[in-house]
Each structure stands twice: as C-alpha cells, then as structure tokens.
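Notes follow the structure.
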Amino acid sequence: MFIVGISASPRKNGNSERILSFANEELRKRGHETTEIFLSERKIEPCIACGCCKEKGECANDECANYVNNLLKHADAILVVTPVYFGSMSAQLKALFDKTLPLRRSGFLLKGKKGGAIAVGGSRNGGQELTVKDIHSWMLIHGMHIIGDNNHFGGAVVSEFEDDTLGKETVLGVVDALSELSDYNIH
C-alpha cells in the first residue's frame, strides 16, 4: 500500500513532523511504501475561487498544490497530521484542503482511499478530537474511507510528542488500523 503522509505544521521539526516521521517509520516496518509532505517546506496559497480548476482540472495559481494533489491521487491511503490552533487545523492544512477541489471535480479521484488523522495540541483536551473530526469531514467530502485508532476517532497527542505515552499509543493505533485495512480492497 502506498501511503501519503501530510504534516500540516508551518514549523520545521515540530511535533507534527516528528509524529508523521514516527508513523511512517512504523508503516514501512509493516511493508508499506510511504512518502512525506511537510507543509513547513511548501507554500500553499489560499484558494481564491477563481474557477479555473473547473476547466483545467488543476489549480491555475498554485503549482505546489498541484504537486501535492498528484501525490494524493496516486495514494492508496492518506495520513494527515496537524497541530491544533485555536481548536482546529492549521491554516496551511485548510488552504491545502481547499486546493484539492480539482480532485473532486475530476471524478472524485480520492474516492475509496483510506484516510487517517492525527492532531497534536498543547494540552490533553486541546481540541484534538474536534480537529480530527474536521479532517474526517474533508475525507468524507472526497468519498474516502475513514479509519480511527481502533478505539477512538484517530490520533490525539499532547506536546511534546516523545513524552506523551498515551498519545503515542493512539498514533500506533492509527498505524495499525491503516495496516489492517491494507489487506482489504475497499475501493
């Protein structure tokens, strides 16, 4: 299974990147091919609703978003990791999600793919479950199959990742759930 992981933090080497690297390492141990997209290294511009993607099938104003969309459409599964900012996902992730509209308009190119979400906040109840729910909403709009952590909605981590034993268990739960679904063709 080919899994595209997205770290939605604008901060280089932050918790989101470290969580994604940890999850991808675990997925590779289970025999999956992974790649990482760090939004700290990319600049995704907000959608301006110009409508050009209706005709072109891609964003006319953002080659970076087009690059990411190309990876997403070739993935079997997508794993999204974001920090929680004021109870929701990062602005960078929202901008990226808005720029995936061409994938929907071109025939629901993410439909049937598996999707998992992990959120990291400053406290145990810092909005992680709400943020995971928002990521799930994006996945549902694309027709994806949502996985949790075999217990709850998905990964819920407290900063600093390496010190959060319970949070690390939820990340491993998402990894396990993605791996278990790789045996089933649910497209």
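Values quoted throughout were computed directly from the atomic coordinates according to the rules given, and no laboratory measurement underlies them. As the structure is a prediction and not an experimental result, all values here were calculated from the model. Every residue, glycine among them, receives a Cβ derived from its backbone with ideal geometry; neighbour counts consider all protein chains shown.
Taking the helices alone, the chain has a mean residue ellipticity at 222 nm of -12500 deg cm²/dmol, built from -39,500 (n - 2.57) per DSSP H run of at least 4 residues and averaged over all its residues.
Once you've got the GNM for the chain with C-alpha springs shorter than 10 Å, pick whichever of Lys94, Lys73, Lys56 has the biggest mean-square fluctuation. Sorting by GNM fluctuation, first place goes to Lys56.
Neighbour counts of C-beta atoms inside 10 Å place Met89, Met1 in the sequence Met1, Met89, starting with the fewest. Axis of helix 165-181 versus longest Cα principal axis of the chain: the two differ by about 50°, to the nearest ten degrees. In terms of its C-alpha gyration tensor, the stretch 1-110 has an oblate overall shape, because the principal axis ratio a/c (a ≥ b ≥ c, square roots of the eigenvalues) is not below 1.5 and a/b does not outweigh b/c.
Seen against the Cα atoms of the chain and their longest principal axis, helix 15-29 is set at about 80 degrees. Bridgeable lysines around Lys54 (alpha carbons under 27 Å apart, same-chain partners fewer than 8 residues away excluded): Lys43, Lys73, Lys94, Lys99, Lys111, Lys113, Lys114. Each Lys and Arg Cβ is given +1 and each Asp and Glu Cβ -1; about its Cα centre, the stretch 95-182 then shows a dipole of about 720 debye. Beta bridges from DSSP with both residues in the chain: antiparallel share about 5 percent, rounded to the nearest 5. Its Cα centre serving as origin, the stretch 2-181 has a Cβ charge dipole (Lys and Arg +1, Asp and Glu -1) of approximately 580 debye.
Using a cutoff of 8 angstrom between alpha carbon atoms and counting only pairs six or more residues apart, the relative contact order for the chain works out to 22 percent. For the chain, with a Gaussian network of springs between Cα atoms less than 10 Å apart, report the residue from Leu130, Leu110, Leu72 with the top mean-square fluctuation. In this elastic network of the chain, the residue with the biggest mean-square fluctuation among Leu130, Leu110, Leu72 is Leu130.
Dividing the convex hull volume of the alpha carbon atoms of the stretch 76-187 by its residue count gives 86 Å³ per residue. Ordering Ala65, Asn151, Thr82 by Cα displacement along the dipole of the chain toward the positive end leaves Ala65 in first place; charges were set at the Cβ atoms of Lys, Arg (+1) and Asp, Glu (-1). Net charge of the neighbourhood of Gly148, taken over other residues with C-beta under 15 Å away and scored Lys/Arg +1, Asp/Glu -1, is -4. In terms of other Cβ atoms within 10 Å, Leu172, Leu178 run from fewest to most in the order Leu172, Leu178.
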